[in-house]
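Down below is the structure, laid out as structure tokens.
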Amino acid sequence: MILRFISIVICAVISSQVYAQQNTFSNNGSKVGIHTLQPGAFLDVSADLTNGKLGTVMGRLPEGNSSGEGTFLGVRGYDTRFNSVSGPKSFSIEHSFYGFVNSSINFFRGSDTKGGFMTFNTFDNIERMRLDKDGNLLLGTTTARGEKLSINGGIRAHEIKVETSNWPDYVFKAAYKLPSLTETEQFIKQHGHLPEVPKASEVEADGVSLGEMNKILLKKIEELTLQVIELNKKVDRQEERINLK
């Protein structure tokens with residue numbers, strides 16, 4: 001009995017020493033360190049989370065909590081270098097249900113100490129949205145091609161307002177040289193599309209700018225309107241000549 005008591009005391013002392021070596025609880029309550037003796041924040045959890053280890057769990061729910069890692073919202077770590085499995089991912093905030101990650105917010109490092117980006121995953125932890133290092137928002141795609149918003153899919157909205165400049169009312173000014181219908185016909189025969197309107201192959205490869213395309217279409221409508229007005233004047237003059245005869 002005495003030997004057992006001594007054994008328990010020794011184990012308790014050893015455990016308390018190990019515990020004290022790994023964690024810090026300041027007497028004034030200012031900082032708490034877990035796995036660190038020098039916490040850099042009010043709560044500093046400094047365990048090594050490389051290779052997909054689960055670190056801090058911020059909350060759990062009872063359903064599915066006994067399966068795998070359970071049902072929780074928590075932080076998982078990956079690596080500070082490029083990894084063949086996770087790529088350049090460093091951390092993720094995960095929602096796990098029955099041990100399966102449903103959705104997550106993922107933090108990726110850049111090519112240097114700067115330049116990181118974020119992804120947002122849903123349904124089986126599949127990436128749906130990316131905010132890249134340049135502040136471009138990508139939905140359904142991982143490639144930015146110069147626009148601040150890139151979407152691989154449809155857009156439904158009540159209204160879309162496009163701000164643009166150099167609206168083509170200059171077509172109605174006296175100094176504007178209106179192309180003749182003959183010139184337009186020759187251009188179409190040679191190029192297979194209207195002047196200034198992009199070719200089908202260009203649109204298929206690069207898409208079109210709504211603002212720029214609206215300006216082009218309006219310009220063509222204005223030119224066509226002026227041409228129709230001029231044709232109508234010619235018809236009126238011909239009718240006058242016919243009536244004089």
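Summary table
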| read-out | value |
| --- | --- |
| Estimated FRET transfer efficiency when R0 is 25 angstrom, pair Ile155-Ile93 (beta carbons, to 0.05) | 0.35 |
| Carbon and sulfur %, accessible surface of the chain computed with the full protein complex present, 1.4 Å | 58 percent |
| Spatial separation of Cα centroids for the stretch 145-211 and the stretch 64-102, in angstrom | 47 Å |
| Contact order relative to length of the stretch 91-178, as percent, for alpha carbon pairs under 8 angstrom and 6 or more apart | 14 percent |
| Cα-centre dipole for the chain with unit charges at Cβ (Lys and Arg positive, Asp and Glu negative), debye to 20 | 300 debye |
| Quotient of Cα Rg and 2.2 N^0.38 Å for the stretch 145-245, N being how many residues it contains | 1.50 |
| Scattering curve values for the stretch 67-200, log₁₀ I(q)/I(0), Debye with Cα scatterers, q = 0.12 Å⁻¹ | -0.70 |
| With Cα atoms, 0 to 90° folded angle of helix 210-244 axis to the chain main axis | 10 degrees |
| Listed residues Asp206, Asp124, Asp132, most fluctuating in the chain (Gaussian network, C-alpha, under 10 Å) | Asp206 |
| Relative contact order [Cα under 8 Å, 6+ residues apart], the stretch 139-241, whole percent | 26 percent |
| In order through the stretch 165-172: 3J(HN,Hα) via Karplus (6.51 cos²θ - 1.76 cosθ + 1.60), integer Hz, x for Gly, Pro | 10, 6, 4, x, 5, 5, 4, 8 |
| Efficiency of FRET between Lys133 and Ile105 - r from beta-carbon atoms, R0 22 angstrom, step 0.05 | 0.85 |
| Between 0 and 90°, nearest 10: helix 181-191 axis offset from the chain longest Cα axis | 50 degrees |
| Ratio Rg/Rh [Cα only; Rh per Kirkwood] for the chain | 1.34 |
| Highest average packing first - 58-69, 152-163, Cβ atoms within 10 Å | 58-69, 152-163 |
| Contour minus Cα-Cα distance for Leu181 and Asn83 (0.36 nm per residue) | 29.0 nm |
| In degrees, nearest ten, helix 2-22 long axis to first principal axis of the chain (Cα) | 30 degrees |
| Lys, Arg +1 and Asp, Glu -1 on Cβ, resulting dipole of the stretch 132-245 about Cα centre, debye, nearest 20 | 320 debye |
| Note, ³J(HN,Hα) from phi for the stretch 32-41, Karplus 6.51, -1.76, 1.60, rounded to Hz, x at Gly and Pro | 10, x, 10, 6, 7, 9, 10, x, x, 8 |
| Listed residues Val162, Gly146, Gly116: farthest to the positive end of the dipole of the chain (Cβ charges) | Gly116 |
| Taking the chain and dividing mean pair separation by its residue count, relative contact order in percent (alpha carbons under 8 Å, at least six apart) | 7 percent |
| Those trypsin sites (Lys or Arg not before Pro) in the stretch 89-122 that DSSP places in a loop and that have at most 13 other beta carbons within 10 Å | Lys114 |
| Chain lengthening between Val228 and Lys148 when straightened (0.36 nm per residue, less Cα-Cα) | 24.7 nm |
| Estimated 222 nm signal from helices in the chain, with DSSP H stretches of n ≥ 4 weighted -39500 (n - 2.57), rounded to 500 | -10500 deg cm²/dmol |
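The values are calculated or read from the model by the stated rules, or taken from the named source; none is laboratory data. Note that the structure is a prediction, hence the values are computed from the model and not measured. A quick note on method: Cβ atoms are made from the backbone with ideal geometry, for glycine too, and the neighbour counts reach across all protein chains shown. The accessibility values were calculated without ligands, DNA or RNA, using every heavy atom of the protein model including side chains. Shrake-Rupley method; radii C 1.70, N 1.55, O 1.52, S 1.80 Å.
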